[in-house]
Amino acid sequence: MADMAFWDSNDRGIWLNKLDKYWDYVKPANRALEIEMEHLDESQVRKMPVQKFYNFLYEKYFVWKYTAPNRLATTRRYLEKHDTEQGMKSLQRIQNELFSFDKRNIEKGLEIASGINGLGIPGASGLLSILFPEYFGTVDQFVVKALMDVNELQRKNEILAMNPDSLKLNDGVLLIEILRSKSDELNKANGTTEWTPRKIDKVLWVSRN
């Protein structure tokens, strides 16, 4: 069980300390890619020709998200279904939609991103989180398990009812709503704009590892 007592604190120092620890869990072999994803310029991804966008997903994003070799191989096989004339047309449509929807609409964002072959809700949220960290965080089993250990969490019963290994669309929406709410709370309490849903998910990930 994770010690989640810090969740109810808005002490900036406590949260920054947790955030700094994220890098302790990044393997040396993954560090360069992690830094690249953290500083990703979404406008560059938006402008990519569809083939380059596919290559970005195959060579960068999927490698970043799926660090277990067997999981990477499996998800890449699904992604490869886009590697046809029709598949590329579908991927181009998804790419266009990714950069035109209202970022406040969590459900729509997840629906669009999960249209990419190989991406479930965790994978879709991960892509959204590196493209639009001010609006989205990565939601996966680690985030769910961490939030399950928060004692006084609103909608706790809905969190407890989730299957961490098989998140549904409505689960993803609720989890990202929580990440957004906490980042807003921290910024308001500390008079900052530094906290994002992506940073909150990193803190939760550290808390479960």
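The values are calculated or read from the model by the stated rules, or taken from the named source; none is laboratory data. Nothing here was measured: the structure is a model prediction, and the numbers come from that model. Every residue, glycine among them, receives a Cβ derived from its backbone with ideal geometry; neighbour counts consider all protein chains shown. Heavy atoms of the whole protein, side chains included, go into the accessibility calculation; ligands, DNA and RNA do not. Shrake-Rupley method; radii C 1.70, N 1.55, O 1.52, S 1.80 Å.
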Read through the list (1) modelled with pLDDT of 95 or more; (2) within 23 Å of residue 37 (Cα to Cα), then give the number of the only condition that residue 142 fails. (1)
Give me a count of the residues in segment 110-166 that are among the hydrophobic types (A, V, I, L, M, F, W, C), assigned to a loop (DSSP other than H, G, I, E, B) and crowded, with 17+ Cβ neighbours inside 10 Å. 8
Any residue in segment 14-23 that is in a helix (DSSP H, G or I), over 30 Å from residue 181 (Cα atoms) and open to solvent by less than 90 Å² (accessible area, probe 1.4 Å)? no
Scanning segment 4-13 residue by residue, those buried (at least 16 other Cβ atoms within 10 Å of the Cβ) and among the small types (Gly, Ala, Ser) turn out to be none
When both residues are 6+ apart or on different chains and their Cβ atoms are under 6 Å apart, which pairs have a first residue that lies in segment 139-150 and is aromatic (Phe, Trp, Tyr), and a second that is surrounded by fewer than 24 Cβ atoms within 10 Å (Cβ to Cβ) and outside any loop (DSSP other than H, G, I, E, B)? 142/205
Name the residues in segment 80-109 that are part of a loop (DSSP other than H, G, I, E, B), open to solvent by 70 Å² or more (accessible area, probe 1.4 Å) and within 18 Å of residue 45 (Cβ to Cβ), would you? 100
Hits in segment 66-79 (condition: among the basic types (Lys, Arg) and buried (at least 16 other Cβ atoms within 10 Å of the Cβ)): 76
Against the conditions (1) of a type in the set (S, T, N, Q); (2) part of a loop (DSSP other than H, G, I, E, B); (3) in contact (Cβ under 8 Å) with a residue 40 or more places away in the chain; (4) in contact with an Asp or Glu (Cβ under 9 Å, 6 or more places away or on another chain), where does residue 192 fall short? Just the number, please. (4)
